[in-house]
Amino acid sequence: MEFQQLDMFVAVVETGSVTRAAERVFRTAPAVSIALRKLEDEIGAALFDRSERNNHRLTGTGRLLYSYATRILEMRREASESIKNLNQTVSGNLRLGTHESTSLYLLPSLVQRLNVQAPEAKIEVLCGNAERLLKALDDRTTELALIAEAPDDSRFERQLVLRDELALILNSKHRLAGAQQIEVHDLANEFLIVQGPKSMLRERIMSAFNESETPFKVSVENIAIEAIKRMVAQGLGIGFVPLMCVREELAQGKLVTVQLDGVRKDWDLWLVWRKDHSLSPAAQTFVEVSLNSTQLIEGEPSPGWEGKSKRSSRSRPAFPVRPRKVIHC
């Protein structure tokens with residue numbers, strides 16, 4: 001049984017015709033037919049039901065061989081790519097999708113470490129919500145996605161990179177700024193400053209308000225996290241953002257957070273890629289750098305975010321996250 005025979009067999013199955021299969025593998029139709037006959041002689045069973053001349057319907061043996069043949073050919077391709085890349089310098093472009101907040105507060109540190117390991121590599125960044133980023137992976141527009149709340153999907157491989165949490169942010173003079181702990185209904189009729197309608201963060205917040213039957217008003221929507229922070233600081237409303245995005249403002253007293261019950265606070269960031277796609281050397285290095293650099297450690301909670309009797313034990317990355325922008329999305 002040879003790779004060439006398996007190539008021809010798979011081509012016939014997937015094109016439904018010896019003629020079209022011959023065009024796909026760049027051989028003549030008689031050569032393909034001969035290869036199939038030899039394969040059947042070696043196996044000792046028919047692969048196709050030839051009762052209908054132009055209908056290449058698989059037999060039970062044929063279906064079983066097809067399932068193995070596709071895996072064998074895919075492993076051959078992956079082996080060839082791995083051997084080809086073994087001694088190559090890690091270079092080329094890495095196409096990465098991520099959220100705007102992650103591009104500002106986590107990605108710079110990861111890029112810095114990638115530059116040490118692979119100085120020739122270049123990163124192209126696509127920013128968007130989870131739906132858009134997963135579609136980009138599906139379409140092979142990007143190789144990796146660094147996203148929150150990654151789904152457990154059989155098509156994708158995912159690795160946890162960072163545990164963060166959502167924070168309710170208020171102006172320091174807000175009526176609830178000094179509270180230790182509040183419920184969702186305490187925010188009745190507040191002006192919410194939120195992201196776009198397809199944002200998973202926004203969806204979580206809206207669900208919490210609706211489930212608790214708490215009335216609210218959306219004063220500004222479909223804006224970036226940096227704009228949300230600025231508007232909240234100016235007293236134009238309240239907002240919800242990942243905690244890593246506001247550590248500097250909390251330390252400076254420009255914003256405060258309050259413990260809020262009734263809203264899920266966990267906000268995990270994952271690296272995601274297609275299971276059926278071999279990562280480029282640059283992408284492989286980025287995965288290694290990300291997982292090694294963001295080993296989870298016990299972190300101290302921000303002021304006002306802990307509960308009355310139990311301090312938060314949410315984790316933070318084992319390196320400082322700097323609020324700086326290195327790539328424009």
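If you go through region 274-286 and pick out every residue that is surrounded by fewer than 18 Cβ atoms within 10 Å (Cβ to Cβ) and either among the acidic types (Asp, Glu) or assigned to a helix (DSSP H, G or I) (or both), you end up with 1.
Among the numbered conditions (1) touching a Cys at 6+ places or on another chain (Cβ under 8 Å); (2) exposed (fewer than 15 other Cβ atoms within 10 Å of the Cβ), the only one that Ala251 does not meet is (1).
The requirement of being over 28 Å from the mean Cα position of the chain (by Cα) and either buried (at least 18 other Cβ atoms within 10 Å of the Cβ) or not in a loop (DSSP other than H, G, I, E, B) (or both) is not satisfied by Leu271.
Within region 9-22, being assigned to a helix (DSSP H, G or I), out of contact with any strand residue (DSSP E or B) (no Cβ under 7 Å at 6 or more places or on another chain) and within 16 Å of Arg50 (Cβ to Cβ) holds for Phe9, Val12, Val18, Thr19, Ala21.
Condition check: surrounded by 17 or more Cβ atoms within 10 Å (Cβ to Cβ), within 24 Å of the chain's Cα centre (by Cα) and of a type in the set (Lys, Arg). Does Arg140 satisfy that? For Arg140, the condition - surrounded by 17 or more Cβ atoms within 10 Å (Cβ to Cβ), within 24 Å of the chain's Cα centre (by Cα) and of a type in the set (Lys, Arg) - is not met. For residues in region 73-102 being aliphatic (A, V, I, L, M) and either touching a Phe, Trp or Tyr at 6+ places or on another chain (Cβ under 8 Å) or buried (at least 17 other Cβ atoms within 10 Å of the Cβ) (or both), which is modelled with the lowest pLDDT? Taking the candidates together, the pick is Val90. Take the conditions (1) in contact with a Cys (Cβ under 9 Å, 6 or more places away or on another chain); (2) modelled with pLDDT under 90; (3) not polar (S, T, N, Q); Ala224 misses just one of them, which is (1).
For region 169-210, a tally of residues being among the charged types (D, E, K, R) and without any contact (Cβ under 8 Å) to a residue 40 or more places away in the chain returns 4. With region 155-259 as the region, which strands (runs of 3 or more DSSP E) entirely inside it contain at least 1 residues that are within 27 Å of Ala136 (Cα to Cα)? Hits in region 155-259: 156-171, 239-242.
Would you confirm whether or not region 302-325 contains a residue that is modelled with pLDDT of 85 or more, in a strand (DSSP E or B), surrounded by 15 or more Cβ atoms within 10 Å (Cβ to Cβ) and of a type outside the set (D, E, K, R)? No, every residue in region 302-325 fails to be modelled with pLDDT of 85 or more, in a strand (DSSP E or B), surrounded by 15 or more Cβ atoms within 10 Å (Cβ to Cβ) and of a type outside the set (D, E, K, R). Residues of region 116-153 that are under 16 Å from Trp270 (Cβ atoms) and among the β-branched types (Val, Ile, Thr): Thr142, Ile147.
Assessment of region 1-11 against the conditions (at pLDDT 90 or above, closer than 30 Å to Val272 by Cα and surrounded by 15 or more Cβ atoms within 10 Å (Cβ to Cβ)) yields at least one matching residue. Listed conditions (1) over 37 Å from the mean Cα position of the chain (by Cα); (2) closer than 20 Å to Ile72 by Cα; (3) part of a helix (DSSP H, G or I) are all met by Pro30, apart from (2). Taken over region 191-202, the residue count meeting the criterion of being surrounded by 14 or more Cβ atoms within 10 Å (Cβ to Cβ) and either under 23 Å from Glu131 (Cα atoms) or in contact with a Phe, Trp or Tyr (Cβ under 6 Å, 6 or more places away or on another chain) (or both) is 8. Being of a type in the set (Ser, Thr, Tyr), surrounded by fewer than 18 Cβ atoms within 10 Å (Cβ to Cβ) and touching a strand residue (DSSP E or B) at 6+ places or on another chain (Cβ under 7 Å) holds for only one residue in Ser212, Ser207, Ser219, and it is Ser219.
The values are calculated or read from the model by the stated rules, or taken from the named source; none is laboratory data. Please read these numbers as outputs of a predicted model, since none were measured by experiment. All Cβ positions, even for glycine, are placed from backbone atoms using ideal geometry, and neighbour counts span all protein chains on display.
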